[in-house]
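A short worksheet on the structure shown next.
Each value in this text was obtained by applying a stated rule to the coordinates, not by laboratory testing. Remember, it's a predicted structure, so these values are computed and weren't measured experimentally. When we count neighbours, we look across all protein chains shown, and the Cβ atoms used for this are built from the backbone with ideal geometry, even at glycine.
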Amino acid sequence: MHQALNRAHRPHRFDQVVGQAHAVTIFRNALRRDRLGHAYLLSGPHGVGKTSLARIVAMAANCLNPQDGEPCLSCETCLNASLYTVEIDAASNNGVDDTRDLRERAQFVPPIGRRKVYIIDEAHALSPQSFNVLLKILEEPPDHLIFLFATTSPEKMPITVLSRCQRINLRRFEDDEVSAQLTAVAGREGLSVSPDAVGWMAKKAEGSMRDGLAMLELAASYAEDEVTTADARTALGSVPEEEIAALLSAVQAQNGEAVLDRTAALEREGADFVQLGHDLLDEVGRRMTAAYREGDGQSPAFWLNLCRELLALEAAGVGSQVGRLALEARLLAAAAFGPKTAVLAPAPAATAVPAAAEPVALDPLAKMSGGGERWFAILLQGARARHQDGEVWIEFPSPGSLIRAEQEDARRLFEKGLERMLGQSVQIHFGISKER
Ligand SMILES: [Zn+2]
């Protein structure tokens, strides 16, 4: 029977888990030492493997022949995981009903296996009554019981429950991790996919393996033979590259009428304007980076301006209803400025970093900001810093990150954190990373 690629290729052992090394280490060590806790909270964006990891933990906790913390996948308990694993989707109505008599059922040891494992997906969506039931159990959990909560929004969980969980954060995947997995899955499925198409889909997936695999599946079902970027774009409702290029040329030429003609034509062809906004932003970001790197004095300002317009549109989260109008307004605003306009803010030209500057790890900054600023943690990903005599040079992998970093609240978090880390006042320079 046909199975979705994401389901067919999910990991079954810790060594098959991609990109979440710290989470895997925590669980494997606990299992090896037979010191698994009663409650864990797996947090992280959607599609990064929270539920898959929870299922592996359930199996490893019950396997009769575990090898170095790994489940053997062939013993009686490994083959009958459903007898000791209870999965509850808190986002559906069942979730509430399921927790109602949980307190009673949780007392029973499973028919096979030592541990009964409750995996609660979208745990933040549980009702207050359900949380109360869980809390009662967590206060004095029976030995055989393990709760694995998975959530995209840990901040919505009651603090009383959080405080009883060991918290493990799963990170968004890097583009090249998604690319590698898409290539591997395509190979196993006998699908032929061009490297360009893989790269394009990985980027579009924005760190979600599930989204990446869903795109691959859709594109492969659409393509005649080898999956090309054009196939992937069409299957996913992205307009062809030429259309994007033509629309941007019209903006650059300050030709408002042509902009309106193009968007009207795209609407007639059934374009999805929210998707079009994303695609435009990708392309504008790419051109902006290129303009900076090639040191062209004027055009970076134009692309930066347009990038800001499109980011503002995305931040406003406009629905598809007003999509066309909102997008047109932004494009026309950018067209009115034209390519010869002075920059809105001084271009963050990559100031030369002295060779002797020391690298600074940026990871601790997310913790110093209190962990409450999720966007800041995301911004830090892929950013690199070097330091010398109170001057810090921070480079970001993308123009979008650079623009976000330039904003006041971000700059403040960088300054505060770095001053604490380095023990001196700092002067910060932002730039785009030259290497890719
Ligand atoms: Zn086993």
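Values as computed for the structure displayed
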{"read-out": "Approximate spin-label separation residue 391-residue 332, in nm, with each point projected 7 Å along Cα-to-Cβ", "value": "4.5"}
{"read-out": "Among 385, 334, 251 the positive-end extreme of the charge dipole of the chain (Cβ point charges)", "value": "385"}
{"read-out": "0 to 90° range, to nearest 10: angle between helix 241-252 axis and the chain longest Cα axis", "value": "50"}
{"read-out": "Those chymotrypsin sites (Phe, Trp or Tyr not before Pro) in the range 97-181 that DSSP places in a loop and that have at most 16 other beta carbons within 10 Å", "value": "108"}
{"read-out": "Sequence-separation-based contact order of the range 358-432, relative, with Cα cut under 8 Å and 6+ spacing, percent", "value": "33"}
{"read-out": "Where labels lie 7 Å past Cα in the beta-carbon direction, separation of residue 8 and residue 72 in nm", "value": "2.9"}
{"read-out": "Sparsely packed trypsin sites (Lys or Arg not before Pro) within the range 1-83, loop by DSSP, other Cβ within 10 Å at most 10", "value": "33, 35"}
{"read-out": "Charge dipole (debye, nearest 20) of the range 241-337; +1 at Cβ of Lys and Arg, -1 at Cβ of Asp and Glu", "value": "320"}
{"read-out": "Helix 21-32 axis, angle to the chain major axis (alpha carbon atoms, nearest 10°)", "value": "10"}
{"read-out": "Long-range HN-HN contacts of residue 86 with modeled amide H, under 5 Å", "value": "117, 118, 119"}
{"read-out": "Leading residue at positive end of dipole, the range 2-55 (Cβ point charges), from 5, 38, 48", "value": "38"}
{"read-out": "Sequence of 283, 314, 408 once ranked by neighbouring C-beta atoms within 10 Å, starting from the fewest", "value": "408, 314, 283"}
{"read-out": "Whole-number percent relative contact order across the range 208-295, with pairs defined as alpha carbons under 8 Å at least 6 apart", "value": "22"}
{"read-out": "Order of 201, 288, 157 under a 10 Å beta carbon neighbour criterion, fewest first", "value": "157, 288, 201"}
{"read-out": "Contact order relative to length of the chain, as percent, for alpha carbon pairs under 8 angstrom and 6 or more apart", "value": "11"}
{"read-out": "Residue-averaged [θ]222 nm for the chain, counting only DSSP H segments that reach four residues, each worth -39500 (n - 2.57)", "value": "-15500 deg cm²/dmol"}
{"read-out": "For the range 358-432, the spread of Cα positions along each principal axis, largest first, Å", "value": "28, 26, 20"}
{"read-out": "Cross-link pairs 50/367; 116/367; 136/367; 156/416; 204/416; 116/136 - those with Cα-Cα distance over 25 Å", "value": "116/367; 136/367; 156/416; 204/416"}
{"read-out": "Global size of the chain as Cα Rg and Dmax, reported in angstrom", "value": "24.9, 74"}
{"read-out": "Taking 306, 248 and counting other C-beta atoms within 10 Å, the order from fewest to most", "value": "248, 306"}
{"read-out": "Cα long-axis angle, helix 299-316 against the chain (0 to 90 degrees, to the nearest 10)", "value": "40"}
{"read-out": "Estimated distance in nm for a label pair at residue 155 and residue 64, the labels positioned 7 Å out from Cα along Cα-to-Cβ", "value": "4.8"}
{"read-out": "Compactness of the range 175-235 as Cα Rg over 2.2 N^0.38 Å, two decimals", "value": "0.93"}
{"read-out": "Cβ-Cβ FRET estimate between residue 367 and residue 257, R0 fixed at 60 Å, reported to 0.05", "value": "0.70"}
